[in-house]
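Visitor: Pasting a structure here, questions to come.
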Amino acid sequence: MNPLELRQVGATDVQVTSLGLGGAALGGLFTDVAEATAIETVHAGLELGVKYFDTAPLYGHGKSEMYVGEGLGAAPRDSFVLSSKVGRVLDRVESQGETGIYVGLPPFEAVFDFSRDGILRSIDESLGRLALDRIDIAFIHDPDDHYEQAIGEAFPTLADLRSQGVVRAIGAGMNQWETLARFARDGDFDCFLLAGRYTLLDHSGLDELLPLCEEKRISIMLGGPYNSGILASDLRPGSKYFYQDAPNEVLELARRIQLICDRHGVPLKAAALQFGLAHPAVASTIPGARSPEEVRENFAMVNHPIAPEFWAELKSAELIPEHAPTQTG
């Protein structure tokens, strides 16, 4: 597959490369990343020709946005597409260091706010941290418990910003597909960021969400294509799956896939990234990276040749659904 293939986002004029760069790791997901390394990581993406970069206020409580903005700052603004997120604002606190899965945090607390004022504040503060003139794609972030306010207040606010040209495309980003399907039916969205729910290990977004998005011309960005790291790991106990240690049954499933990968000479990482990109609803896959080496490896994995026989064996072993789109040659 070509990692630099340009794919249109919904019915907009925004085009993203099929391989993007996710910014969660740069915010200190599980392990802190030095500022210089984070900036070099973004530069590595640019040097390879990657044109899509995703970040969010939540990622490192502002650190990811600052690092991504610094990394992109010298590039011509029309040479890349940037997405960030709304729905959380950052309030200053006396001290901070580690919260949940992020480490090395600055003294801010991430607070849900899907109100109109909260959305406008979030956009404004993100632009300040990014030191950029615009956000191309704005995603409503993790509105799992806030659907009514998200569709009733956050969505119309973003739609207004889109109509004014402040943002070029709008969407929602979640770790589940069910609420995204509700958004698809209830609002005029351009794209969704679906994290971890259409991967080699979790196909739950396939039957309802992805066909619905095809019908409504809503593009899918695949976050977490490695399922929090397990599909980029050596599959030992302690490998992460949905941000926690992977259960034994998930490890065993991944090992069965790995055996077929080995028979066909296909790296597990290549299979993980290319599986999602074969679906016509998917515009981009955005694995996270915490070093230039990881960016270059992800690029090589999308570019790695995979024969149709590999996918056929995964299907015959019932490791991926028979009706999942896969490469034909």
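The values are calculated or read from the model by the stated rules, or taken from the named source; none is laboratory data. What you are looking at is a predicted structure, and each value in this text was computed from that prediction instead of being measured. Don't worry about glycine lacking a Cβ; one is built from the backbone with ideal geometry, like all the others, and counts go over all protein chains shown.
Visitor: Among (1) within 22 Å of His323 (Cβ to Cβ); (2) out of contact with any Leu (no Cβ under 7 Å at 6 or more places or on another chain); (3) surrounded by 24 or more Cβ atoms within 10 Å (Cβ to Cβ), where does Leu194 come up short?
Guide: Result: Leu194 passes all but (2).
Visitor: Further question: Name every residue in region 1-15 that is of a type in the set (Asp, Glu) and touching a helix residue (DSSP H, G or I) at 6+ places or on another chain (Cβ under 9 Å), in order of residue number. Before you say what the answer is, go through the steps one by one.
Guide: Just the residues of region 1-15 that are of a type in the set (Asp, Glu), to begin with: 5, 13.
Passing the criteria: only Glu5.
Visitor: Among Tyr226, Tyr243, which is within 21 Å of Trp177 (Cα to Cα) and crowded, with 22+ Cβ neighbours inside 10 Å?
Guide: Working: Tyr243 fails: crowded, with 22+ Cβ neighbours inside 10 Å.
Just one listed residue meets the conditions, Tyr226.
Visitor: On the given criteria, is Arg296 among the basic types (Lys, Arg), part of a helix (DSSP H, G or I), farther than 16 Å from Gly20 by Cα and out of contact with any Pro (no Cβ under 7 Å at 6 or more places or on another chain)? Steps first, please.
Guide: Working: among the basic types (Lys, Arg): yes; part of a helix (DSSP H, G or I): yes; farther than 16 Å from Gly20 by Cα: no; out of contact with any Pro (no Cβ under 7 Å at 6 or more places or on another chain): yes.
So Arg296 does not fit the description; no.
Visitor: A further question follows. Here are some conditions: (1) assigned to a loop (DSSP other than H, G, I, E, B); (2) surrounded by 15 or more Cβ atoms within 10 Å (Cβ to Cβ); (3) out of contact with any His (no Cβ under 7 Å at 6 or more places or on another chain); (4) among the β-branched types (Val, Ile, Thr). Thr328 meets all but one. Which one does it not meet?
Guide: Going through (1) assigned to a loop (DSSP other than H, G, I, E, B); (2) surrounded by 15 or more Cβ atoms within 10 Å (Cβ to Cβ); (3) out of contact with any His (no Cβ under 7 Å at 6 or more places or on another chain); (4) among the β-branched types (Val, Ile, Thr) one by one, Thr328 breaks only (2).
Visitor: Can you name every residue in region 77-98 that is part of a strand (DSSP E or B) and either modelled with pLDDT under 95 or surrounded by fewer than 15 Cβ atoms within 10 Å (Cβ to Cβ) (or both)? Please lay out each step first, then the result.
Guide: Going through region 77-98, the residues part of a strand (DSSP E or B) turn out to be 81-86, 88-92, 98.
Scanning region 77-98 gives Asp91, Arg92, Glu98.
Visitor: Could you list, in sequence order, all residues of region 99-112 that are free of Cβ contacts under 8 Å to residues at least 60 places away in the same chain and surrounded by fewer than 20 Cβ atoms within 10 Å (Cβ to Cβ)? First the steps, then the outcome.
Guide: First, pick out the residues of region 99-112 that are free of Cβ contacts under 8 Å to residues at least 60 places away in the same chain: 99-100, 106-112.
Within region 99-112, Thr99, Gly100, Pro106, Pro107, Phe108, Glu109, Val111, Phe112 meet the criteria.
Visitor: Right, here's the next one. Only one of Ala74, Ala138 is modelled with pLDDT under 95 and under 22 Å from Leu26 (Cβ atoms). Can you tell me which? Before you say what the answer is, go through the steps one by one.
Guide: Values: Ala138 fails: modelled with pLDDT under 95.
Checking each option against the conditions leaves just Ala74.
Visitor: Same structure again: Go over the candidates Asp136, Asp142 one by one and state the one that is touching a residue at least 24 places away in the same chain (Cβ under 8 Å), at positive phi and under 21 Å from the mean Cα position of the chain (by Cα). Walk me through it before giving the result.
Guide: On the way: Asp136 fails: at positive phi.
Only one candidate passes the filter, namely Asp142.
Visitor: Identify, from the list Arg168, Arg116, Arg121, the residue that is of a type in the set (Lys, Arg) and either within 21 Å of the chain's Cα centre (by Cα) or more than 25 Å from Val14 (Cα to Cα) (or both). I'd like the intermediate steps shown before the answer.
Guide: Numbers: Arg116 fails: either within 21 Å of the chain's Cα centre (by Cα) or more than 25 Å from Val14 (Cα to Cα) (or both); Arg121 fails: either within 21 Å of the chain's Cα centre (by Cα) or more than 25 Å from Val14 (Cα to Cα) (or both).
The match here is Arg168.
Visitor: Mind checking which residues of region 90-124 are out of contact with any Pro (no Cβ under 7 Å at 6 or more places or on another chain) and closer than 17 Å to Ala138 by Cβ? First the steps, then the outcome.
Guide: Within region 90-124, the first condition is being out of contact with any Pro (no Cβ under 7 Å at 6 or more places or on another chain), and the residues that meet it are 91, 97-109, 111-113, 115-121, 123-124.
Residues satisfying the conditions are Phe112, Asp113, Ser115, Arg116, Asp117, Gly118, Ile119, Leu120, Arg121, Ile123, Asp124.
Visitor: Here's another thing I want to ask about it. Return the only residue of Asp124, Asp144, Asp117 being surrounded by fewer than 19 Cβ atoms within 10 Å (Cβ to Cβ), among the acidic types (Asp, Glu) and assigned to a loop (DSSP other than H, G, I, E, B).
Guide: Values: Asp124 fails: assigned to a loop (DSSP other than H, G, I, E, B); Asp117 fails: assigned to a loop (DSSP other than H, G, I, E, B).
Among Asp124, Asp144, Asp117, only Asp144 is surrounded by fewer than 19 Cβ atoms within 10 Å (Cβ to Cβ), among the acidic types (Asp, Glu) and assigned to a loop (DSSP other than H, G, I, E, B).
Visitor: While we're looking at this one, here's another question. Scan region 217-245 and report the pairs whose first residue is within 19 Å of Ala281 (Cα to Cα) and whose second residue is part of a strand (DSSP E or B) and among the β-branched types (Val, Ile, Thr), with Cβ atoms within less than 7 Å and a gap of 6+ or a chain change.
Guide: Ile220/Val282; Met221/Ile286; Leu222/Val282; Leu222/Thr285; Leu222/Ile286; Gly223/Ile286; Pro225/Thr285
Visitor: Condition test on Ile101, is it modelled with pLDDT of 95 or more, of a type in the set (Val, Ile, Thr) and within 20 Å of the chain's Cα centre (by Cα)? Please lay out each step first, then the result.
Guide: On the way: modelled with pLDDT of 95 or more: no; of a type in the set (Val, Ile, Thr): yes; within 20 Å of the chain's Cα centre (by Cα): yes.
Criteria not met by Ile101.
Visitor: Among (1) under 17 Å from the mean Cα position of the chain (by Cα); (2) surrounded by fewer than 17 Cβ atoms within 10 Å (Cβ to Cβ); (3) farther than 20 Å from His203 by Cα, there is one condition Ala289 misses while meeting the rest; what is its number?
Guide: Just one mismatch for Ala289, condition (2).
Visitor: Then there is this: Are there any pairs, at least 6 apart or on different chains, whose C-beta atoms fall under 8 Å, with the first in region 75-89 and over 17 Å from Asp117 (Cα atoms) and among the aliphatic types (A, V, I, L, M) and the second at pLDDT below 95 and crowded, with 23+ Cβ neighbours inside 10 Å, and if so, which?
Guide: Final answer for the pair search is none.
Visitor: If you don't mind, there's one more thing I want to ask. Enumerate the helices (runs of 4 or more DSSP H) found wholly within region 194-286, keeping only those where 2 or more residues are under 20 Å from Glu318 (Cα atoms).
Guide: On the way: elements: 209-216, 248-264, 268-277.
Once the helices (runs of 4 or more DSSP H) in region 194-286 are filtered for at least 2 residues that are under 20 Å from Glu318 (Cα atoms), what remains is 248-264, 268-277.
Visitor: What about Ala300, is it over 23 Å from Ile218 (Cβ atoms), among the hydrophobic types (A, V, I, L, M, F, W, C) and surrounded by fewer than 21 Cβ atoms within 10 Å (Cβ to Cβ)? Steps first, please.
Guide: Values: over 23 Å from Ile218 (Cβ atoms): yes; among the hydrophobic types (A, V, I, L, M, F, W, C): yes; surrounded by fewer than 21 Cβ atoms within 10 Å (Cβ to Cβ): yes.
Yes.
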